[in-house]
Amino acid sequence: MKEALLALIGIPLLGALLTLLTARSNRDWARTIALASTGLTFLISVALVLADMAGAAGVAGQYHGETRRLILGTGGSPESLRGISFHIGIDGISLGLVFLTGLLFPAALLLTRKEANINDWGFLAWYQVLQALTFGAFLSLDLILFYVFFELTLIPLFFMIGGWGGSMKIEAATKMFLYGLTGSLFTLGGIVGASLALGGMEKGCDFSIPRLVQVAKDRGKPMEELIDRVEKSREALKHTKTDLENKTAQAKFDEAEHELLQKRNAASHWLNWQTVLFLMLMAGFAVKIPIIPVHFWQPMAYREAPIALTVVLSAVLAKMGLFGVVRIVLPLLPEASVRLATPVLGTLATIGILYGGLAALGASNIRTMLAFSSISHLGFCLLGMVSLNETGLSAGVLQMVNHGITTGGLWLLALILLERFPTLEIHTFSGMGGRFKAMGVVAVLLTLSSVGLPGLNSFVGEILSLMGMYAQGSDGRQLAVLASLGLILGAWYMLNFLLRVFYGDERIPASVPVRVACDLSRRELSVFVPMIGLCFLLGLAPQVFLKRISADTHAVAAELSEAQFRATGSSHLAPLELANESHEASAHKGKPAAPRKPAPQDNKGGAH
């Protein structure tokens, strides 16, 4: 499997190099090379999925095909060298995203006509480089390596939009690049800060994500042990019978509580640093997703980019920010996540769901509608993740894959429409389904998937995301109820699009000169049929995917639950303020008051 993961990165880079060296004067040869390299990565990604499904259920922290080569050492022992490494591997969280990357890059290229302007050696070379960088980001297990792949995607995007985009291509490319670069600089500071804070400098700065996650887990154990010790001392004090036993137990209780207070005071400084690092990391990830209010680059970029590029930009590259949240932010900064994720990111995700839905409802162009629709649907992915329980985390990861398949399919539908007609203005179409029946069936199924029809994939991901947030407490319930309105908006604008474009009296614009508007060809059906099959598979049997990610999402959810325990005294222990009240009561009565039980906090929902 190591060779397969290396091939995913190496084959597109080799294809780009061959395109530069041999295909600069031959468009057909350049397209053949690009189709061959992206097609090979698709076959490899399918083989990885099949191999994973054939194996046993995953184990948390276990990465298949792991490869590590030290690039720049900073210290450590011979058995555990530290530094910047080429460290890659695949687990349940990244498996679906790797498959999406392998599926949609060749699909968008295959559905583009040979005479399209993007079949130029320059665009196709950048396109293959972009795929290699995307694979690299999803496979990275080193913070610096992830950042390099994450940041370098801006370069091919800038040149592809600026060189082959629409009439406002320069403005769109510049805005996208500046937003992405500014956010990524903050993210770099957060990555270095997290590495220094968790890895330390005494043994050499460490950038290994698995090791830093383990350090973050171990860092909270002394606090948990002290909380348990205080609770046991309190219980022992309650059951004393003589004055001597009471005095001895009181001394042990006071000592344990004093140590806990000192530990809490020290932990408060680390929590403040975690908060700063959380905000810095999220700056770059928020731009990439994008999250309101740093989304302003997205509608223009989606509208002006070549539509084949928009397919992967919306369905694949937008997931990099979400992947950064679940891979880096939540496991490395659990206390800050407990403090900020639900109230801040959950609120922004809900705003994005509603804002994106309303903007899509008012859109007059198919590309604009799908751009705002993407903001709304990605909000459900983020909403699930920041619920911080296993149900929500599993839903967020699942919905990333669902969104890639469904929205990717809708963008591919827009691509084939633009290949046939000179416009994507909604009002210029009507009754398309009567003439182009296969296209109409595909549009109906993808639309129903997008609106969350039970039995199709988006229903499972969105409902589980809402369930996960609803289980988060009173604030979570409010956000879940508000976000559920996005389901109504989604059905409204998508069914409106379907009725206006594919139903009603036939009104079809003249086709592009020298082309004949026709129904879906076999080549196009070969792309759409498997994607629709995936919509049904993930809708009717979501456990096929959920069981592959359950171990990884459970591990993240468990660490977040422990962080909640450290912050509040947990759902089964009295908060520290109550312990102080007990201590004051014992000074007057000789024995502590019985601890009051805080309301249980459901932070471990299960994905069913």
* When the residues of segment 125-154 are filtered to those that are surrounded by fewer than 23 Cβ atoms within 10 Å (Cβ to Cβ) and without any contact (Cβ under 8 Å) to a residue 24 or more places away in the chain, which remaining residue is farthest from THR101 (Cα to Cα)? -> VAL148
* To do: With the condition kept exactly as written, say whether any residue in segment 478-490 is farther than 20 Å from GLY352 by Cα, among the β-branched types (Val, Ile, Thr) and over 22 Å from the mean Cα position of the chain (by Cα).
  => no
* State which residue pairs qualify: first residue surrounded by 15 or more Cβ atoms within 10 Å (Cβ to Cβ) and inside segment 6-22, second residue β-branched (Val, Ile, Thr) and assigned to a helix (DSSP H, G or I) in any location, beta carbons under 6 Å apart, and separation of 6 or more residues or different chains. => ALA7/ILE44; LEU8/THR41; LEU8/ILE44; ILE11/THR41; GLY15/ILE33; ALA16/VAL129; LEU18/ILE33; THR19/ILE33
* Asked: Taking THR407, is it under 18 Å from GLY490 (Cα atoms), of a type in the set (Ser, Thr, Tyr), touching a Ser or Thr at 6+ places or on another chain (Cβ under 8 Å) and assigned to a helix (DSSP H, G or I)?
  -> yes
* Just one of VAL529, VAL544 is under 30 Å from SER430 (Cα atoms), of a type in the set (A, V, I, L, M, F, W, C) and out of contact with any helix residue (DSSP H, G or I) (no Cβ under 6 Å at 6 or more places or on another chain); which is it? -> VAL529
* Considering each residue of segment 457-481, count those that are more than 24 Å from LEU340 (Cβ to Cβ) and surrounded by fewer than 24 Cβ atoms within 10 Å (Cβ to Cβ), and give that number. => 2
* Right, SER449: among the polar types (S, T, N, Q), in contact with a Cys (Cβ under 7 Å, 6 or more places away or on another chain) and either on the phi < 0 side of the Ramachandran plot or in a helix (DSSP H, G or I) (or both) or not? -> yes
* Selection status of LEU412, modelled with pLDDT of 95 or more, buried (at least 24 other Cβ atoms within 10 Å of the Cβ), more than 23 Å from GLN472 (Cβ to Cβ) and not charged (D, E, K, R) -> yes
* Taking segment 360-395 only, how many residues are free of Cβ contacts under 8 Å to residues at least 24 places away in the same chain and of a type in the set (A, V, I, L, M, F, W, C)? -> 0
* Structure fact -> Checked GLY190, GLY166, GLY122 against criteria (in contact (Cβ under 8 Å) with a residue 24 or more places away in the chain, part of a loop (DSSP other than H, G, I, E, B) and among the small types (Gly, Ala, Ser)); the one match is GLY166
* **Residues that are of a type in the set (S, T, N, Q) and outside any helix (DSSP H, G or I), drawn from segment 520-536** => SER521
* To do: Report, by residue number, each residue of segment 192-210 that is at pLDDT 90 or above and of a type in the set (D, E, K, R).
  => none
* How about segment 214-271: which of its residues are farther than 21 Å from ALA557 by Cβ, among the β-branched types (Val, Ile, Thr) and either modelled with pLDDT of 75 or more or out of contact with any Leu (no Cβ under 7 Å at 6 or more places or on another chain) (or both)? -> THR240, THR242, THR248
* Yes or no: GLU390 of a type in the set (Asp, Glu) and out of contact with any Leu (no Cβ under 9 Å at 6 or more places or on another chain)? -> yes
* Is it true that some residue in segment 410-426 is within 22 Å of ASP505 (Cβ to Cβ) and in contact with a strand residue (DSSP E or B) (Cβ under 6 Å, 6 or more places away or on another chain)? -> yes
* Pairs, please: C-beta under 7 Å, at least 6 apart or cross-chain, first residue farther than 21 Å from ASN402 by Cα and in a helix (DSSP H, G or I) and in segment 462-483, second modelled with pLDDT under 95 and β-branched (Val, Ile, Thr)? -> ASP475/THR342; GLY476/THR342
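The values are calculated or read from the model by the stated rules, or taken from the named source; none is laboratory data. Since the model is a prediction, treat every value here as computed from it, not as a measurement. Heads up, the Cβs are rebuilt from the backbone with ideal geometry, glycines too, and the neighbour counts pull from every protein chain shown.
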